[in-house]
Structures are given as structure tokens and as C-alpha cells.
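The values are calculated or read from the model by the stated rules, or taken from the named source; none is laboratory data. A quick note: this is a predicted structure, and the numbers were derived from the prediction, not measured. Here Cβ is always computed from backbone atoms with ideal geometry, including for glycine, and neighbour counts include all displayed protein chains.
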Amino acid sequence: MSEASVGKPMLPVAGKPPAGPRVSDGSNIFLTTKLDRLIDQARKNSLWPFPFGTACCAIEFMSTIMSHYDMSRFGAEVVRFSPRQSDLLIVAGTVTDKMAPVMVRIWEQMAEPKYVISMGACACTGGFYRAYHVVQGIDEFIPVDVYVPGCPPTPEALLQGLLRLQEMIAAGETHYQRMVAAARAKAKGAVS
Amino acid sequence: MSMSQEKLESFRRAFPPSRGVEEIPGQDIPTFQVERELLPELARRLKDDPDFDFKMLSDVCGVDWPERQARFDVVYHLYSLTHNHRLRLKVPVSEQDAVVPSVYGVWRAADWFEREVFDMFGVRFSGHPNLKRILCHPSFQGHALRKDYDPGQRWLLREGEQDEPSWAREVQEDEDHFETQVLNLGPSHPATHGTLRTVVRLDGEVITRAECEIGYLHRCFEKMSERHTWNQIIPYTDRLNYCSAMMNGVGYALAVEKLLGVEAPPRAQVIRVILSELSRIMDHIVCIGANLNDVGAMTPFLYVYQAREEIYSLLEACAGGRLTISYVRVGGLANDVPEGFEEAVRYLLRRIPPLVDDMERLITENRIFRQRTEGIGKLSAAEAVDWGWTGPCLRASGVPYDVRKTNPYLGYETYDFKVPIATTGDTYARYLVRVEEIRQSLKIVEQALKRLAPGPIITDNHHVALPPKEKVYTEMEALIWHFKLIMEGMKVPKGEVYGFTEGANGELGFYTISDGGGSPYRLHCRPPCFAVFQAYPHMLEGHMIADSIAILGSLNIIAGELDR
């Protein structure tokens, strides 16, 4: 797959079928891609969220993982409460100045690659709590990949946010992937 | 509700004005201004004298009057369960000498309430065992609810300044000379729903000492409400107890309506009852489900959560939002319920009982659950009252206190329902009480539905409610009222009121002070789970670490309401 197609959904590239009788063991269908892209495909479909639920949005997050909306349809149902076991931080709810160091600590403890969804108006911007004890958007402290607006967002909105994150992972657009790409480009420049 | 004349008279005789007790007439509750020196004696007498019998301290809060010589008022709300009467005490102190004797020795409920006043106003309480900030973080400078504090002024919590109990660093050995361990549960812990932190000292697996830290979700509700018009506060009240948002709005609107002297029309009252009771069911479902989930039973949560989704659909049809619906307005409701409302409620009445039955079949006689919860987290009735407990937790200890029965509002006295109580006061009892309350709430909804008659849904008092849109576009006067209400907000007459309702967790109070302006001078919320949670560290002592999770789930601590 050429460099130019990065960012587009990965499609199987069928080569010319080999001459001779067709065999059905799959050996005549092949697919070319970069190893990184293949791994990204795997990663995007098996996100393990850490629900950093602090307020009302946590209740809507609960709705999203329950049977009615069922987030497991999108490969992200393995909710883990240990930052060491998860790669997606969903900040659901208001983060206060008292809570911010806790959030940063958890984000730091997560193993890379890691992604962040900011769920709800409070996490995105502080929402309508423009006051002395409320963080005015978690991006004051940690990088955010997807902002899901709403107060609180409906489960559909959170699912859309999740799908958007999956697209971004496939396209290499998340904060982590861009950071890695930039570091690689820099290293390349240093060598040549 | 208020004290009988003879009791008031005997109070006046015992504490005449010459002793520094001054009566403030014309209040919703008998109110006395008290010199601080007299407070300990007065408090002790009010609690122990069977004539007064104020066994419960509902609320303590502060009020700032910057232009006064004695700048701060510390306001106490007392309640007597036996006489069903209330009393308000005000203790004025000056800024230079802002010290009040603590009443922790009389009512343990004062513990966190006094700490909150200290945090927010800087009033110190002499004799308080653990006086430090409670809602704001330790790096915070100043006192946020003082009138001269700029609401936009933030302080970052610096590294190494996090709060920790005074005993957390002590090295202690048990009798076998093994070192005891200090363990930190939360604020982000799989079993602490919401943002709570408990620090426990463990001897093996047994908790020997515990302390809680809260305030991780302190969203400055009371400060924000001083900056908004009366109706703009309703979205903020929704986010107090977000599991049952409707009930907070109703409680707040009732308090303001009391101050205004208006009443919502009958149709609005019936809709408020229906949606409040459905919200109570939702709240209990989350509490029970989360509690079960924590002790290892995932399946029942999946069953009952479906009931919640069904109620959400109804709320969404009424108000447009699922969770935080902002449906109440002072004087009525934002808009009428949609077509098919009655049919939808009838569907819920058919749909919810089987789901609850399913859950009960799985849990109520389940041996594992009973062994995990029976005898765990026991609190006697006297202790529970002393801690200021209300709601299902208090009723599980055997005290039949329910505001809907003792001080009915929205016509609750005309509905036929029972107040379920249990006697053991343990985690299992709290589960049983909640399940029965779900059934009683359904009974109320059923009766309310029969009374739903057509009519207006908001008062026609144009000082309070917006005029109908068609009039705004056709009549000059209506346009002016609309403009004034939107730009300035409604004007609430000068005065103060303590409005209280039965929230899902207990007595939800709004102590409201108006100076006649378009927004409250002071709005204090008395959150039920604040009082409940302060007993939690004391209940833990002697229990196993796994029990602490079972107990926590049964108390239904909602961080939004706890920290405001």
C-alpha cells in the first residue's frame, strides 16, 4: 500500500490471480499493508476503556455499556478500572482542581498507545461551571483526541465519539500516533 | 411543623432576651438569634429536654453579610422527630473574632457541616475534633462563599499538598508486632462510584481506623447560584443528585414558591408527583444495582437498568433530556407533557414490576448476598438520628421519618402509600427498604395518574412565569413582562425560607435567602447524603475491607449532591 493511501480505510489489494487451477486455501488472495497499519486496525477494534467517571456523565456512560446501547458492539466493552490494563481514558464528568492531579496521574500510568475521549461539556470546557474550583476543560492538563459535547451527551453521542476515535486510530490521527510520527521523522532527519 | 405556642413559651422562659437570645419574628420556622457563649448550653438543653427533644441537627450553614458589624451568621436547623417541629438558631460572629463553639459534642451531625462552614466562610469552631477544609483542596486560598471572593479565582492543587489524615504516616503495630497498613481507597477506585476517597488503617484485613475525604466534585453550586436568576438555577439543581434530577428541581422550586407565596397549578403538581416518584425509582435502581455489582452480582443490574432506560424515554419525551431534564420551573413546569403521556406511564407501571420481581428473585433470598450484607454496616436508630441521617438509610434503622408524611407537599397527604421501615439497620435492611420503596412509588404514580386532569401547567402570575408565547407576540403588556423576566429575572420578596422535600436519599433542604433581587442572596443546599456519608468512616471500624465496599454501595452516595 502506498504512502499516499494512509488515512483511507484499508482495503484488500488483490493482485493478479496466479495462473493455474484455483485453490481455495486462501493462498491466492493476499493483502499488503504496513505492519503499523495492521496493528492499528487491531487496536481500534479492541479498545479497553478506563471510565474516569466523576459526575452525571458517568451515569450516561453506564447507560452506554448496559444492554440497551451495548458498547460491546463496537469492540470496546472490556471496561477496566486499572489504568495499567486500559488504553482509552474516557473522562466522563466535571473535573475539579482537587481531582485534576488524580486524572493526570491515571493518564500517566496508562501504557502507550493511549487515547483520551473527553465526554460532556464539563470535561471539554468546564461547561456551565465557570467557577473557582472547576477545571475549564481537561485539555489544560492532558491531550484529548475526541471531544463529545452535550450535558450530558446521549449514549448515541458517546458511541459516535468512539467510532470517530476508531477512524482516527485507523488513519493515524490520534495525539499519540502523531507524536510517534513526529519523533520518527525527527530521528530520520537526524540520521540523514 | 412549627413549635406549639406553649413549647415556644417555655423556650422563651428558659432563655429570655436577658440571656442573649433574641427572637426574630415572622419566619417560616421559629427563629432565635443566640449569643455564641450560650450556644453549648442551649444546644444541650434543646436536645435533652423532652419538651423540645431536638434529636436531629438537620443542617448548619453560614451566611455572609459584609456590611454588618457581626459579619457572619452561622445558621442551625434543628428538627424533633417526636414533636415534628423545627427550630432555627442564628449565631452572629464578627470577622476579626470568627470563632463559634462546636456542637459536635451534642450532635455528631455537626462534624462535616461545621467543617464546610469553616471551609467556605473561615469561621472556626472551637472544640471541633478535625477542623480542616472539606470541599476545597488544601492549596486553596481564601474562603469561597464570602461575598468578596471572586468566583473566577482558581487555585491549583500543588504536588505534595494533597490532604491526608493526621494518622496516615504514623507507624503502628498490632499486638503480634506486625505493622498495620494504611490503604487508600479512591478517589478513582472501581468500587467507589463517584469520586470519594477513604483512607483506612488495616490490621490484616480488618479496618481499625478510617477517614473520608470528599470535595472531588465540588462544583461551586452555591456560589454559582448567587450569580444566576432564580429560574437559571434549575439546571444546576438537576446536577446535584443526577440520578434523580427531577426531584432536586421540585425541591428547589417548592422552596422558592414558598418564599414567593405562589403555588403550582394542580396539573403541574400531579405531573411533578408522577415524575418525582419515577425518579425515585430510578435512583433506587442505580443504588441497588451498583451495590449488587460491587459485591459481585452483575446480572440483576442488567435487569433493572432496563427499567431505567424505559423511564428515561418518558423523561426525554417530556423534557427533551434523558438525565438532567430541567423540566421544573418556579411556579409550575416548563411545558406540558406530550400526547400519549398517560399511556406511556401506564406502560411503565406494567413494565417495571416484573423487572423488579426478577431482581428480587435473584437477590432477596440469595445466600451469598445475605451473608455479605446481613449484620454488616449496622447503625442503631439513635446513632443514625445523631448523625443526621434521613431517607431510606434512616428508615432501615427503624425510624419512620419521611417528609412526604410528616410535612406533606404537592398533596402527598392525599395519596395512599406506606413508609417501609426495617429494624436491623444493616446493609441488607437498606436494600429491602429501597426495594419496597420502589413498589410504594409505583402505587403513588398509579393514583396520581388517575388525578391527571387538563389544565394550566404553570401559574399565571406574570411576576413569576413567562406569559404564553402567542400573547407575547400580540400584546404589549405580555411582551414587557416577558422582557423583564428574561432580562432581570423574577423578583422574589425579601426573606428567608427553609424548604425541604423527601429526595431519593432523604431530606433535601434548600435554605434560601432573598434580598428582593433577581437572584438569591444565599442559597444553601442541605444534601441528604452529606449527613449520611459522614458516619461512614465510623461505621467501618471493625469491619473487613471487603465489607466497606458493600456498605458504601448501600448508602447511595451521589458525589454531585455530596460535594455540590
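Conditions tested, residue by residue: (1) aromatic (Phe, Trp, Tyr); (2) surrounded by 16 or more Cβ atoms within 10 Å (Cβ to Cβ); (3) closer than 30 Å to residue B:287 by Cα; (4) in the same structural domain as residue B:275 (by TED's automatic domain parsing).
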site	(1), (2), (3), (4)
B:448	no, yes, yes, yes
B:473	yes, no, no, yes
B:489	no, yes, no, yes
B:506	no, yes, yes, yes
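In region B:227-237, how many are more than 8 Å from chain A (Cβ to nearest Cβ) and either touching a helix residue (DSSP H, G or I) at 6+ places or on another chain (Cβ under 7 Å) or within 23 Å of residue A:58 (Cβ to Cβ) (or both)?
Pass one, region B:227-237, residues more than 8 Å from chain A (Cβ to nearest Cβ): B:227-234, B:237.
Filter once more, keeping what is either touching a helix residue (DSSP H, G or I) at 6+ places or on another chain (Cβ under 7 Å) or within 23 Å of residue A:58 (Cβ to Cβ) (or both): B:230, B:233-234, B:237.
Residues meeting the conditions: 4.
Let's see how each residue does on (1) crowded, with 24+ Cβ neighbours inside 10 Å; (2) under 15 Å from residue B:442 (Cα atoms):
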{"site": "B:236", "(1), (2)": "yes, no"}
{"site": "B:245", "(1), (2)": "yes, no"}
{"site": "B:252", "(1), (2)": "yes, no"}
{"site": "B:258", "(1), (2)": "no, no"}
{"site": "B:266", "(1), (2)": "no, no"}
{"site": "B:278", "(1), (2)": "yes, yes"}
{"site": "B:288", "(1), (2)": "yes, no"}
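When restricted to residues that are closer than 26 Å to residue A:107 by Cα, crowded, with 16+ Cβ neighbours inside 10 Å and either more than 12 Å from chain A (Cβ to nearest Cβ) or out of contact with any strand residue (DSSP E or B) (no Cβ under 7 Å at 6 or more places or on another chain) (or both), region B:163-184 contains 2.
To keep it simple, each residue is scored yes or no on (1) in contact with a helix residue (DSSP H, G or I) (Cβ under 8 Å, 6 or more places away or on another chain); (2) within 12 Å of another protein chain (Cβ to nearest Cβ); (3) not hydrophobic (A, V, I, L, M, F, W, C).
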residue: B:280; (1), (2), (3): yes, no, yes
residue: B:290; (1), (2), (3): yes, yes, no
residue: B:295; (1), (2), (3): yes, no, no
residue: B:302; (1), (2), (3): no, yes, no
residue: B:319; (1), (2), (3): no, no, no
residue: B:324; (1), (2), (3): yes, yes, yes
residue: B:333; (1), (2), (3): yes, no, no
residue: B:343; (1), (2), (3): no, no, yes
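Looking at region A:136-164, which of its residues are farther than 16 Å from residue A:44 by Cα and part of a helix (DSSP H, G or I)?
Passing the criteria: A:138, A:139, A:140, A:155, A:156, A:157.
Check region B:107-119 and report whether any residue there is in a loop (DSSP other than H, G, I, E, B), of a type outside the set (Phe, Trp, Tyr), over 26 Å from the mean Cα position of the chain (by Cα) and more than 11 Å from chain A (Cβ to nearest Cβ). Looking through region B:107-119, none of the residues is in a loop (DSSP other than H, G, I, E, B), of a type outside the set (Phe, Trp, Tyr), over 26 Å from the mean Cα position of the chain (by Cα) and more than 11 Å from chain A (Cβ to nearest Cβ).
Can you confirm whether residue B:273 is more than 14 Å from every other protein chain (Cβ to nearest Cβ), outside any loop (DSSP other than H, G, I, E, B) and either β-branched (Val, Ile, Thr) or in contact (Cβ under 8 Å) with a residue 24 or more places away in the chain (or both)? Lay out the reasoning, then the answer.
Numbers: more than 14 Å from every other protein chain (Cβ to nearest Cβ): yes; outside any loop (DSSP other than H, G, I, E, B): yes; either β-branched (Val, Ile, Thr) or in contact (Cβ under 8 Å) with a residue 24 or more places away in the chain (or both): yes.
For residue B:273, the condition - more than 14 Å from every other protein chain (Cβ to nearest Cβ), outside any loop (DSSP other than H, G, I, E, B) and either β-branched (Val, Ile, Thr) or in contact (Cβ under 8 Å) with a residue 24 or more places away in the chain (or both) - is met.
Please work out which residue is surrounded by the most Cβ atoms within 10 Å (Cβ to Cβ), limiting yourself to region A:76-103 and to residues that are more than 10 Å from every other protein chain (Cβ to nearest Cβ) and assigned to a helix (DSSP H, G or I). Step through it out loud before you land on a result.
Going residue by residue through region A:76-103, those that are more than 10 Å from every other protein chain (Cβ to nearest Cβ) are A:76-78, A:84-92.
Subsequent filtering for residues that are assigned to a helix (DSSP H, G or I) retains A:84-85.
Values: A:84: 9, A:85: 13.
It comes out as A:85.
Per this entry, residue B:304 is not counted among residues that are touching a Cys at 6+ places or on another chain (Cβ under 7 Å), part of a helix (DSSP H, G or I), within 25 Å of residue B:554 (Cα to Cα) and not small (Gly, Ala, Ser). In region B:134-162, the qualifying residues are those that are modelled with pLDDT under 85 and more than 8 Å from chain A (Cβ to nearest Cβ), and the one that is surrounded by the most Cβ atoms within 10 Å (Cβ to Cβ) is B:161. The set of residues in region B:411-431 that are surrounded by 20 or more Cβ atoms within 10 Å (Cβ to Cβ) and among the aliphatic types (A, V, I, L, M) comprises B:421, B:429. If you go through region B:223-238 and keep only what is charged (D, E, K, R) and in contact with a Pro (Cβ under 9 Å, 6 or more places away or on another chain), you end up with B:223, B:226, B:227.
Keeping to region B:200-226, report how many residues are part of a strand (DSSP E or B) and more than 14 Å from chain A (Cβ to nearest Cβ). Full working, then the answer.
Step one: of region B:200-226, the residues part of a strand (DSSP E or B) are B:200-203, B:206-213.
Cutting the leftovers down to more than 14 Å from chain A (Cβ to nearest Cβ) gives us B:200-203, B:206-211.
Final tally of qualifying residues: 10.
Taking residue B:70, is it outside the structural domain of residue B:403 (by TED's automatic domain parsing), surrounded by fewer than 23 Cβ atoms within 10 Å (Cβ to Cβ) and among the small types (Gly, Ala, Ser)? In short, yes.
Going by the conditions given, is residue B:119 of a type in the set (Asp, Glu) and not assigned by TED's automatic domain parsing to the domain that holds residue B:106? Explain how you work it out, then say what you get.
Values: of a type in the set (Asp, Glu): yes; not assigned by TED's automatic domain parsing to the domain that holds residue B:106: no.
For residue B:119, the condition - of a type in the set (Asp, Glu) and not assigned by TED's automatic domain parsing to the domain that holds residue B:106 - is not met.
For region B:1-51, a tally of residues being buried (at least 17 other Cβ atoms within 10 Å of the Cβ), in a loop (DSSP other than H, G, I, E, B) and touching a Leu at 6+ places or on another chain (Cβ under 8 Å) returns 4. Evaluation of residue A:50 against the conditions (1) within 21 Å of residue A:156 (Cβ to Cβ); (2) not in a helix (DSSP H, G or I); (3) not acidic (Asp, Glu) shows that the sole unmet condition is (1). Might you check whether a residue that is aliphatic (A, V, I, L, M) and at the interface with chain B (Cβ under 9 Å from one of its Cβ atoms) occurs anywhere in region A:66-75? Yes: region A:66-75 contains one or more residues that are aliphatic (A, V, I, L, M) and at the interface with chain B (Cβ under 9 Å from one of its Cβ atoms).
Scan region B:14-34 and report the pairs whose first residue is not assigned by TED's automatic domain parsing to the domain that holds residue B:493 and whose second residue is aromatic (Phe, Trp, Tyr) and in a strand (DSSP E or B), with Cβ atoms within less than 8 Å and a gap of 6+ or a chain change. From region B:14-34, the pairs are B:15/B:32; B:21/B:32; B:22/B:32; B:23/B:32; B:24/B:32; B:28/B:498; B:29/B:498. Checked against the criterion of being at pLDDT 90 or above and assigned to a loop (DSSP other than H, G, I, E, B), region A:104-114 contains one or more residues that satisfy it.
The single condition among (1) in contact with a Phe, Trp or Tyr (Cβ under 6 Å, 6 or more places away or on another chain); (2) more than 10 Å from every other protein chain (Cβ to nearest Cβ) that residue A:139 does not meet is (1).
Condition check for residue B:353 on (1) closer than 30 Å to residue B:429 by Cα; (2) of a type outside the set (Val, Ile, Thr); (3) modelled with pLDDT under 90: one failure, at (3).
In region A:124-135, which residues are in a loop (DSSP other than H, G, I, E, B) and at the interface with chain B (Cβ under 8 Å from one of its Cβ atoms)? Walk me through how you get there before you give the answer.
Residues of region A:124-135 that are in a loop (DSSP other than H, G, I, E, B), as a first pass: A:126-133, A:135.
Once the filter is applied, which keeps residues that are in a loop (DSSP other than H, G, I, E, B) and at the interface with chain B (Cβ under 8 Å from one of its Cβ atoms), region A:124-135 yields A:128, A:129, A:130, A:131, A:132, A:133.
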